[in-house]
1. How high is the relative contact order of the chain, in percent, counting Cα pairs under 8 Å that sit 6 or more residues apart?
2. If you plug each phi of the range 58-73 into the Karplus form 6.51 cos²θ - 1.76 cosθ + 1.60 with θ = phi - 60°, what whole-Hz ³J(HN,Hα) values come out, in order, with x for Gly and Pro?
3. Restricting the calculation to Cα positions, tell me the Rg (one decimal) and the Dmax (whole number) of the chain in Å.
4. Report, as a whole number in µm² per second, the diffusion coefficient that Stokes-Einstein gives for the range 2-55 at 10 °C and 1.306 mPa s using the Kirkwood radius over alpha carbon pairs.
5. In deg cm²/dmol, rounded to 500, what helix-only [θ] at 222 nm does the chain give when every DSSP H run of at least 4 residues adds -39500 (n - 2.57) and the total is split over its residues?
6. Could you give each residue of the range 48-57 its phi-based ³J(HN,Hα) in whole Hz, using Karplus coefficients 6.51, -1.76, 1.60 with θ = phi - 60°, and x for Gly or Pro?
7. Once label points are set 7 Å from the Cα along Cα→Cβ at both Ala53 and Asn24, what is their separation, rounded to one decimal in nm?
8. Check Val25: other-chain or 5+ apart residues with amide H under 5 Å from its amide H, H built from backbone geometry?
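Values in this text are rule-based calculations from the coordinates and carry no lab data. For clarity, every value in this text was computed on a predicted model and none was experimentally measured. Using ideal geometry, Cβ is built from the backbone for each residue, glycine included, and neighbour counts are taken over all protein chains shown.
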Amino acid sequence: MISRAVDPATASAIWNRIRAGQRNVMVRSIYSPEARGAFDQVAARVKTDADLAQTVARYLSDFERIVKEADSRDPSGRLAHTHLISDTGRVYLFLAHASGRIS
């Protein structure tokens, strides 16, 4: 469900803006109406559930490491972009937004 909260085209546009240094690109309106409810639940729960917050932080760190490694292996950025718009990348966007790591 989380990976479907953001479609690949939207994820690509968001990543391009983030990688260009833009901030405040993450807004609830990028999610489908059904996903907005899930976003609100996850965002609230991350703030109150220390175990979930720790799990989310670990997921985010692991994904950031994967993207950094992809960037170093492929300077063109295509490999990193593939990761960023994948299901895993879209889950990252959702969780990073819900936890306040990116905005």
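1. On the way: 94 pairs, mean separation 45.7, N = 103.
Reported relative contact order: 44 percent.
2. Result, rounded to whole Hz: 5, 4, 4, 5, 4, 5, 4, 5, 4, 5, 4, 5, 4, 4, 6, 7.
3. 13.3, 40
4. Numbers: Rh = 12.4 Å.
Using the Kirkwood radius from Cα pairs, D works out to 128 µm²/s.
5. Working: 5 runs with 73 residues, N = 103.
Computed mean residue ellipticity for the chain: -23000 deg cm²/dmol.
6. Using θ = phi - 60°, the values come out as 10, 10, 4, 5, 5, 4, 5, 5, 4, 4 Hz.
7. 2.5 nm
8. Ser103
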